[in-house]
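**Student:** Sending over a structure as structure tokens; questions will come in a sec.
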């Protein structure tokens, strides 16, 4: 029977010094490379291919595939496109979580009913009164030609 052991926590001052020299950006870059390598290997294994078979499909050496899945490779977009094409997946699938598979789709129809507006706007043409009608607003202290004409028509001569 195999015995499963727990990982031990190991503290080393030299190891801590090395880790302190790594910038957050370098740490994120390494994390992304490792995730990408794992995704490529997952897709490769889902097809039932080992490294040699995958290399043969791509026309590459198996040692290059080993380097890819180690998580240290800086991929070009051309290489990633080639990998995605051979794996028959979208290139974005290499970077994201697994896509959600739609199992059941239902069409929903929403009918909207328009209600009458609560504010009715009136124009001078609707009331069939002169050009300015009764909806013309006159504020105190405004002496424009329009307000003077309105005041004169309505017998409000204020100056």
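**Student:** What is the gain in length, in nm to one decimal, between residue 30 and residue 17 on full extension, counting 0.36 nm per residue of separation less the C-alpha to C-alpha distance?
**Tutor:** Length difference between fully extended and current span is 2.9 nm.
**Student:** Let me ask something else about it. Listed highest first by mean packing, meaning other Cβ atoms within 10 Å per residue, what order do 61-72, 12-23 come in?
**Tutor:** Details: 61-72: 15.2, 12-23: 8.8.
Sorting 61-72, 12-23 by mean packing, highest first, produces 61-72, 12-23.
**Student:** Quick one: length gained pulling residue 89 to residue 46 fully straight, 0.36 nm per residue minus the C-alpha distance?
**Tutor:** Full extension of this stretch gives 14.3 nm more.
**Student:** Additional query: Given contacts defined as C-alpha pairs under 8 Å and at least six residues apart, what's the relative contact order of segment 1-96, whole-number percent?
**Tutor:** On the way: 54 pairs, mean separation 27.3, N = 96.
Dividing the mean separation by the residue count of segment 1-96 yields 28 percent.
**Student:** Which value, in Å³ per residue, describes the convex hull spanned by the Cα atoms of segment 14-94? Write down the numbers at each step before the final one.
**Tutor:** On the way: hull volume 8.3 nm³, N = 81.
Here the figure is 103 Å³ per residue.
**Student:** Let me ask something additional. For segment 16-31, list residues with backbone N below 16 Å from a point placed 7 Å from the Cα of residue 74 toward its Cβ?
**Tutor:** 23, 25-31
Where a number appears in this text, it was derived from the coordinates with a stated rule and is not lab data. These numbers come from a predicted model, not from an experiment. So basically every Cβ, Gly included, is an ideal-geometry build from the backbone, and we count neighbours across all protein chains shown.
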